[in-house]
1. If I ask for residues that are surrounded by 15 or more Cβ atoms within 10 Å (Cβ to Cβ) and closer than 14 Å to K339 by Cα, which ones from segment 305-322 would you list?
2. Among A248, A261, which is closer than 30 Å to S296 by Cβ, surrounded by 16 or more Cβ atoms within 10 Å (Cβ to Cβ) and over 40 Å from the mean Cα position of the chain (by Cα)?
3. So, in segment 312-356, exactly how many residues are of a type outside the set (K, R) and either over 31 Å from the mean Cα position of the chain (by Cα) or not assigned by TED's automatic domain parsing to the domain that holds A301 (or both)?
4. Given the options G165, G241, name the one that is out of contact with any strand residue (DSSP E or B) (no Cβ under 9 Å at 6 or more places or on another chain) and either surrounded by 15 or more Cβ atoms within 10 Å (Cβ to Cβ) or farther than 18 Å from A374 by Cα (or both).
5. Mind checking which residues of segment 319-373 are more than 30 Å from L307 (Cα to Cα) and either among the small types (G, A, S) or in contact with a Phe, Trp or Tyr (Cβ under 7 Å, 6 or more places away or on another chain) (or both)?
6. Tell me, please, whether a residue that is assigned to a strand (DSSP E or B), touching a residue at least 60 places away in the same chain (Cβ under 8 Å) and charged (D, E, K, R) can be found in segment 402-413.
7. Considering (1) in contact with a Ser or Thr (Cβ under 6 Å, 6 or more places away or on another chain); (2) of a type in the set (F, W, Y); (3) farther than 18 Å from D328 by Cα, say which one Y415 fails and leave the rest.
Amino acid sequence: MTFFAMKKITTPKNIPVIIRFSGLLILLTSFSLTTYAQKPDDWEGDGEIEAMEIEIVKERQITLPKANRNFDKVPPKPSEASIKAPVTYDFQSFSFQAPQINPQVRPLKLKPESSPDIYGGFLRLGYGNYASPLIEGYINNKKDKNKLIGARIYHHSSGKGPVDGKNSGSGTTSLSLYGRSLSDAIALSGNFGIENRTTHFYGYPKGEPIGKDSLKQSFNLIKLGGELSNAKNSDLSYKLGANFSYLADKYDARESEINLAFKSSYEVDDDSKIDLKADYTVISRKDNKIDAKPRSLFTVAPSYEFLPIDDLKLSIGLIAAFENDTIDSKSVHVYPNFKATYPLSPSVDAVGYMTGGMEKVSLQTLSNENLWLAPNVAIFHTNKVLDFGVGLNARLGNKVAAHAGLGTSLLKNWYSFVNKENDPSKFNTVYDRGTTKRTNLYVALSYVQSEMAKFMLRGDFYGYNAGDLSEVWHRPTTKLTANASINVYQKLIFSADIVAQGGMKALDPETDNVVKLDGAFDLNFKAEYLFSPSFSFFVQLNNITSNKYPLYLNYPVRGFQGLAGITWSF
């Protein structure tokens, strides 16, 4: 038996599979041939096995296409129904005690803010041409919220005037004391003052001066008053005041006046309230030829303010006046008192009113308007039979406001000033016993930029239809006023104002002719430089164009006036 030593043939893994199959087939064939050669007949004929050589040739490379490996994504597992486990709470007391700590760090203290300087005193000193000294001063207590006590002194005079130097000098001097006290419920205030106003009758014909003693005129006034009111805002507010004044001039004219005034308001709700005003005045007067009985005037004015419809604010009421003036046959007068406001837009309001009343006229009110009154002038109250007007108030942003309107008044016993026939330097009062119709058309514009810049402009146009008189004397038909101020870097303050008017007529007492007075134009300018918050220097220029326009017939004003001085707050 012959054994064959078979050599193991190892094929690398990278040899194609078909080569491995061919090798197995050859091996099986060889095994069959070997078995056949073992037959006895063959052993004798063939003594040995012929040598064979098997050659495996790798000639073909099998390539397979790349497999497509697009696998489907595993679908999400369907959600299971949520299981709500029962919630249980276990409260256990827990005590914790921290050890005491003594910090060694000192807390930082804020430095207290310094309060702004509050000045209780003010002093202004100046001097100008026409021999014009100026002294003005205030003194008040500081930092007391419950009371205020103070005093004021004022003096401004001109030793010379527009006509004949000292013959037209004038001046004003006043001293006043005032105080106010506040409590939780009421507020109480009082005042006392004295005043002297001096002038000269320089309206005499040119070249005919009169003696100095008869030229000078002065008014001395003493005032005393007090007021009581509630100190806090409430539905019911009230104010009660009492005043006394005494006036005397150089020509033996004397007048005393007592006035009582009451004002209250009750707010029914947010849209309605009730107002009540009452005023009582008693005037006693004596002159060198007049010893008139006391004149009394009592006025009461109730009103009710409400909203009848949305946005329409309406006030209805009446005014009743009781007086004993001898010029009027009636002693009781009743007037309507209606006011309405309606917003045409968020920035424009329409206003209207219809009212009336008695206007108090006294020697004090007349002298405030005209210092050159003649002795023994007639004095009567003015009956404002009707006062009707409409207007528009517009707000152009937060800084600009505009106003325009038209008003008409029916005035009975309205006074005018006319020059005295035998002395044109003095004025008498004449009264229109009929009804004077006065019409006023006005337009106003204002601009306010905090305290840095301000501007105001107003124009008035008047029309008069006299009753019994031929004209309304010494009343302007046009008037324009404008003022502006600007603060530059809190150091320089500039201000200017303009006053222009025209259309006044006067009656020449010697010819009885109507005289048209020249129009007035007055331009003023002021500059102030602040060296510090408490000290400043100022220069004031008045009537820069030196227009000697007449205030009244024969009474021109001063020309260019310059004034310079200092102010000190302490």
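1. E305, F306, K313, L314, S315, I316, G317, L318, I319
2. It is A248.
3. Residues of segment 312-356 that are of a type outside the set (K, R), as a first pass: 312, 314-329, 331-338, 340-356.
Okay, now just the ones that are also either over 31 Å from the mean Cα position of the chain (by Cα) or not assigned by TED's automatic domain parsing to the domain that holds A301 (or both), so 318-329, 331-336.
Selection size over segment 312-356: 18.
4. Just one listed residue meets the conditions, G165.
5. F322, D325, I327, S329, S331, V332, V361, S362, S367, N370, W372, L373
6. yes
7. (3)
Yes/no matrix, rows are residues, columns are (1) hydroxyl-bearing (S, T, Y); (2) in contact with a Pro (Cβ under 9 Å, 6 or more places away or on another chain); (3) surrounded by fewer than 17 Cβ atoms within 10 Å (Cβ to Cβ):
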{"position": "K384", "(1), (2), (3)": "no, no, no"}
{"position": "V390", "(1), (2), (3)": "no, no, yes"}
{"position": "R395", "(1), (2), (3)": "no, yes, yes"}
{"position": "N413", "(1), (2), (3)": "no, no, no"}
{"position": "S416", "(1), (2), (3)": "yes, no, no"}
{"position": "F427", "(1), (2), (3)": "no, no, no"}
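The values are calculated or read from the model by the stated rules, or taken from the named source; none is laboratory data. Note that the structure is predicted; figures quoted are calculated from it, not measured. For neighbour counting, all protein chains shown are included, and Cβ atoms are generated from backbone atoms with ideal geometry for every residue, glycine included.
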